[in-house]
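The values are calculated or read from the model by the stated rules, or taken from the named source; none is laboratory data. In this text, all values refer to a predicted model and were calculated from it rather than measured experimentally. Quick reminder, even Gly has a Cβ in these numbers, built from the backbone with ideal geometry, and neighbours come from all protein chains shown. The protein model used for the area step is the full one, side chains on, heavy atoms only, and it has no ligands, DNA or RNA in it. Shrake-Rupley method; radii C 1.70, N 1.55, O 1.52, S 1.80 Å.
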Amino acid sequence: QQVLILVPEISLTPQMMERVRNRFAQAVAIYHSGLNEQEKYEQYRLVSSNSVNIVVGTRSAVFMPFTNLGLIVLDEEHDQSYKQANSPRYHCRDVALWRAKWHKAKVVLGSATPSLESYSRAVKKVYTLVQLPQRISGDLALTHIIDMNKEIRKGNTILSQKLEEAIHNRLQKKEQVIILLNRRGYSPVLRCEDCGEVIKCPHCDVPMCYHKSEHLLKCHVCGTTLPVDQVCEKCGSHKFTDSGLGTEKLESVIKTKFPQARVLRLDADTSQVKNAHQRILKAFEKGEADILIGTQMIAKGLDYPNVTLVGIINADALLNRVDYRA
């Protein structure tokens, strides 16, 4: 029978492909939005002609032309990337469940932090709950929660003293560091110095994010771009100041504080070119960089033995979303 393994991000596909090939030693089809039309067609043909039994892909792979499907695995099933934001709108998890019912196949929803919907169905015995109470590799990582209000009084606005010391320590030991900040761009807000008004997207009414490298303001909801030289609609001022923190600004702070470190950044801006995410992660895996900075793209199932420290910046900002899942 055929097996479909779904992952939330393109960045996870190469790693999953490698593991599947090593374990099952057979041809595997791959399907995601990073492929061009010809490559997609070739993979589609492999599946429709039954030339391969295993498919690894992102959410769109759920529509592959299976004729004898026996199993669907959704890795990190809680992930919002499984939801298609533009037309045709669908949730990959729901399509997977429907297809499994049609083909009389099994579905495995895998997650260390299941979505509330799936977990409640498991508790109500609509789904079968299979638990791994212990980590395969032993104990959970030691976690420190730092109160940044106290750090700001000491003059540390972005990195806490403890995190800075820990990064320095890892660099001396030739170990690697991952730093997660779930906001891309240089600064999330451009504010008028005279009246405090924030520049917002004319279509979405959300703050425009400042991207320093491109010298542009971007809306992260609809993609609208504006030049940085704006006039305040409220008071007519030309003076603006950027506030807040994005991955681009964090990268520049890290490079200033640790000039000897080799730094890579992975977010929607640095991975626009085809296979860029793959190149960045491969370079980090090979040890060509000491620090990897990124958005939620780097928070999904990546496994690098030489990474001994992970810093999460503005962790509580994730709790401010107007959503019960927060």
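A few points about this structure:
- Consider region 109-156 and keep the residues that are open to solvent by 100 Å² or more (accessible area, probe 1.4 Å) and of a type in the set (D, E, K, R). The one that is nearest to Leu302 (Cα to Cα) is Arg135.
- Selection over region 121-144 of residues that are assigned to a loop (DSSP other than H, G, I, E, B), within 30 Å of Leu163 (Cβ to Cβ), free of Cβ contacts under 8 Å to residues at least 40 places away in the same chain and of a type outside the set (Asp, Glu) gives a count of 8.
- The set of residues from region 255-273 being over 17 Å from the mean Cα position of the chain (by Cα) and within 26 Å of Ser81 (Cβ to Cβ) comprises just one member, Val263.
- Single residue of Asp316, Asp323, Asp267 found to be open to solvent by less than 20 Å² (accessible area, probe 1.4 Å), of a type outside the set (Ser, Thr, Tyr) and closer than 25 Å to Pro188 by Cβ: Asp267
- Identification of strands (runs of 3 or more DSSP E) wholly contained in region 157-230 with 1 or more residues that are open to solvent by 40 Å² or more (accessible area, probe 1.4 Å) and free of Cβ contacts under 8 Å to residues at least 12 places away in the same chain yields 225-227.
- Any chance Tyr41 is of a type in the set (Ser, Thr, Tyr) and exposed (fewer than 15 other Cβ atoms within 10 Å of the Cβ): yes
- Of Lys239, Lys212, all but one fail to be in contact with a Cys (Cβ under 9 Å, 6 or more places away or on another chain) and over 25 Å from Asn86 (Cα atoms); the exception is Lys239.
- Members of region 23-35 that are assigned to a loop (DSSP other than H, G, I, E, B) and under 23 Å from His91 (Cα atoms): His32, Ser33, Gly34, Leu35
- Flag if Val95 is assigned to a helix (DSSP H, G or I), open to solvent by less than 50 Å² (accessible area, probe 1.4 Å) and farther than 25 Å from Glu251 by Cα: yes
- Unique residue being part of a strand (DSSP E or B) and open to solvent by less than 50 Å² (accessible area, probe 1.4 Å) when the list is Val20, Val3, Val47, Val52: Val3
- Residues satisfying the criterion are absent from region 52-67 (criterion: closer than 26 Å to Ile298 by Cβ and free of Cβ contacts under 8 Å to residues at least 24 places away in the same chain).
- Residue that is touching a strand residue (DSSP E or B) at 6+ places or on another chain (Cβ under 7 Å) and among the aliphatic types (A, V, I, L, M), where the choices are Val307, Val273: Val307
- Counted residues, region 98-120 - those being over 16 Å from Ile5 (Cβ atoms), in a loop (DSSP other than H, G, I, E, B) and modelled with pLDDT of 95 or more: 1
- Apart from one condition, Gly70 fits all of (1) buried (at least 20 other Cβ atoms within 10 Å of the Cβ); (2) at pLDDT 90 or above; the exception is (1).
- Subset of region 231-243 (residues that are in contact with a strand residue (DSSP E or B) (Cβ under 9 Å, 6 or more places away or on another chain), open to solvent by less than 50 Å² (accessible area, probe 1.4 Å) and not in a strand (DSSP E or B)): Cys232, Ser237
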